[in-house]
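Have a look at the structure below, then the notes.
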Amino acid sequence: MTIQFPDHFFFGTATAAYQIEGAADLDGRKESIWDVFSRVPGAVANGDNGDVACDHYHRYREDVALMADLGMSTYRFSVSWPRVMDGDRINPAGMDFYSRLVDELLEKGIDPWLTLYHWDLPADLPGGWTNRDTAKKFVDYSLAVHDRLGDRVRTWTTLNEPWCSAFLGYGSGEHAPGHKDPVEAFQAAHHLLLAHGWTIQALRQADPEASLGITLNFSPALPATDDPADRDVTRRIDQTFFRIFTEPIFHGAYPSDLLEDAKAYWPADLVQDGDLAAISAPIDVLGVNYYSTSVFRAGEPSWGGPHLLAPDAAYVSRGLPVTDMGWDIDPGGLRDLLVQLQEEYVGPAGAALVITENGSAWAEEPDADGFVDDTDTRLAYLRDHLIACREAIDAGVNLRGYLTWSLIDNFEWSFGYAKKFGIVAMDADLNRVPKASALWYSQVARTHQFG
Ligand code: GBH
C-alpha cells in the first residue's frame, strides 16, 4: 500500500531556542527563567542545562545544510526573547543571529516558521506570567522581532504550548519557574492567552499578509470506562489541558464548567473587559503538537500533578507500547484529534491545521560509526503517525503540513540530555549523524509518498 501526500503538503522539523542554541552568555544575551531553573539542585536530570546544548548558535549553517540535504521544506524554530531584548531595549547582536539564520534558510529554499515564545522568558520580568504586564511586554518584543524579520518570515506563531508554561511552570513546578501554586497557574494561563491575542492583533495590523497562529499541545485524556466518575475525571483534565485554550481562542469564552470548577483558584479580576475579544482574534493556522493519548480513571485524590482540577486522576495502562518517555503510542488518537479540531474549532473559524510537533524519545545506542538504527522505534512511529495524518486528510481535515520533533537530539527540559528526540543524533563532540529515521523521512519529504 502506498501512502501519498498532496504536492503542496510540506514536511520539516522543529526545534526551540533554549533546547539547541547554547551560547548562553554571548553577544549580550540575558538570562531566561530556564537558565535560572537549571541551576536549582534537582530541577533538571543530571544537573544539565542549555549553556552549550547543540551549539546551534555557532553551527546553524551546518544545521541548515543538513536540513537541505534531507530535503526538508520547512523549519520551525523559536526566538529567544532574552537574546534579542535587554529590558525594553533591542539587542541588535541577538537579532543579527536570527537574521543570519533566516537568510541561510531562504538561500537553501527552506521556509522559516518562527515561534515567538518557546518557554525561555526573560528572568528579570517581575512576577513572570502571573503579571498582566508581561503580556504587554510580549507584544513589544514580538513587534521588535517582526520589525527585523517580517520582510522574510511569513509564518508567525505566538506561543508554543501555553499549557506547559502555565501548568507545569506554575502548577506542578516541573518546568521553570518551578512554582506550585494553582492561583498563579490560572493567572499565567490567562496572561499567556492575552499575550497571544494582543500579539495577533498587533502583527495583523503590521503585516496583513502574514500567516499567524499559535501552537497548542494536545494529549487527549480518555476515560477508562463509561462510569460517570471516570468520564468526569477526563472532563476535568480536559478543562485545563485543552478547552481553557481552545474555547477562548476559537469561541471567545472560557467554558462555564471550567469557571465553576476553578472558582477557588480564579482571581475575580483576572479577566478584564476586552480580554476575550483580543484572545479570540482570528488566526490563520493552529499548530498541533501531538505525542500521545492517555487513559484515566477516577482514583484517590492526591496532590502534585499538573492537572489541577483532577487531583483524583489515575493513569490506566492500555497495554500499548510506550516510548522512553513512558507515553502510550497511539497514532489513531492523532487522526481522531485532527477530526475533532477540524469539526469543533478550526473549520468553522476558517483556519488551517499543521502538525508542529510529533515524535518521541527512545533509549538508543549508536554503532561504532555513531549511526543510530531507529527503524523499529522512531521510524515506525513517524510512519504510523503520517498514516494517521493521511487518514485525517481523507476524512476532510484541512491539514497542510507535518513537522517532526525534533531535528536533532537536544536539551529535553527537566529530563536534560538523557531523552533523545532527534531524527539526527548528536555525539559527545556535538557531531551530527542522521539516524535511520532521518534517511527514511528524507525520502518521504522528497517524494511525498512511502510504501
Ligand atoms: C513538547 O512538549 C515541547 O514543545 C518540546 O519543547 C519538547 O521537547 C517536546 O514536546 C518533547 O517533550 O504530561 O504526563 O500528562 C510536550 C509536552 C508531553 C505535555 C506529553 C503533555 C502528556 C503526558 N507534553 N504530556 S503528561
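The values are calculated or read from the model by the stated rules, or taken from the named source; none is laboratory data. Predicted, not measured: the structure shown is a model, and the values here were computed from it. So basically every Cβ, Gly included, is an ideal-geometry build from the backbone, and we count neighbours across all protein chains shown.
In this structure, Pro255 does satisfy being touching a helix residue (DSSP H, G or I) at 6+ places or on another chain (Cβ under 6 Å), under 18 Å from Pro220 (Cβ atoms) and away from the ligand (no atom under 15 Å from the Cβ). Checked across region 395-413, the condition of being more than 21 Å from the chain's Cα centre (by Cα) and within 26 Å of Asp336 (Cβ to Cβ) holds for at least one residue. So for region 429-438 (the condition being out of contact with any Gly (no Cβ under 8 Å at 6 or more places or on another chain), of a type outside the set (D, E, K, R) and farther than 22 Å from Phe5 by Cα), does at least one residue qualify? For region 429-438, residues out of contact with any Gly (no Cβ under 8 Å at 6 or more places or on another chain), of a type outside the set (D, E, K, R) and farther than 22 Å from Phe5 by Cα: present. Gly71 satisfies every condition listed in (1) of a type outside the set (Asp, Glu); (2) surrounded by fewer than 24 Cβ atoms within 10 Å (Cβ to Cβ); (3) in contact with a strand residue (DSSP E or B) (Cβ under 6 Å, 6 or more places away or on another chain) except (3). Here Lys137 qualifies as basic (Lys, Arg) and closer than 27 Å to Ile249 by Cβ. A single member of Gly197, Gly213 is part of a helix (DSSP H, G or I) and out of contact with any His (no Cβ under 8 Å at 6 or more places or on another chain), and it is Gly197.
Only a single criterion out of (1) of a type in the set (S, T, N, Q); (2) within 16 Å of the ligand (Cβ to nearest atom); (3) farther than 29 Å from Gln342 by Cβ is not satisfied by Ser437, namely (3). Name the single residue, out of those in region 376-421 being touching a strand residue (DSSP E or B) at 6+ places or on another chain (Cβ under 8 Å) and polar (S, T, N, Q), that is farthest from the ligand (Cβ to nearest atom). Of everything passing the filter in region 376-421, Asn398 is farthest from the ligand (Cβ to nearest atom). Summed over region 1-50, the residues that are over 20 Å from Met85 (Cβ atoms), in a loop (DSSP other than H, G, I, E, B) and either in contact with a helix residue (DSSP H, G or I) (Cβ under 7 Å, 6 or more places away or on another chain) or more than 16 Å from the ligand (Cβ to nearest atom) (or both) give a count of 15. Go through (1) in contact with a strand residue (DSSP E or B) (Cβ under 8 Å, 6 or more places away or on another chain); (2) away from the ligand (no atom under 13 Å from the Cβ); (3) closer than 30 Å to Gln340 by Cα one by one and return the number of the condition Val424 breaks. The failed condition is (3). Residues considered: His196, His190, His175. Of these, the only one that is crowded, with 22+ Cβ neighbours inside 10 Å, within 16 Å of the ligand (Cβ to nearest atom) and over 30 Å from Ala45 (Cβ atoms) is His196. When region 216-252 is limited to residues that are within 16 Å of the ligand (Cβ to nearest atom) and part of a loop (DSSP other than H, G, I, E, B), the one that is nearest to Leu116 (Cα to Cα) turns out to be Ser219.
Do we find a residue being at pLDDT 95 or above, among the hydrophobic types (A, V, I, L, M, F, W, C), in contact with a Lys or Arg (Cβ under 7 Å, 6 or more places away or on another chain) and under 22 Å from Ser219 (Cβ atoms) anywhere in region 367-381? Checking region 367-381: not a single residue is at pLDDT 95 or above, among the hydrophobic types (A, V, I, L, M, F, W, C), in contact with a Lys or Arg (Cβ under 7 Å, 6 or more places away or on another chain) and under 22 Å from Ser219 (Cβ atoms).
If a residue must be more than 11 Å from the ligand (Cβ to nearest atom), in a loop (DSSP other than H, G, I, E, B) and not small (Gly, Ala, Ser), how many such residues does region 306-323 contain? Of the residues in that region, 7 qualify. Among residues of region 48-62 that are under 14 Å from Leu105 (Cβ atoms), those with a beta-carbon under 7 Å from a residue that is part of a loop (DSSP other than H, G, I, E, B) and at pLDDT 95 or above at least six positions away or on a different chain give the pairs His56/Glu21; His56/Gly22.
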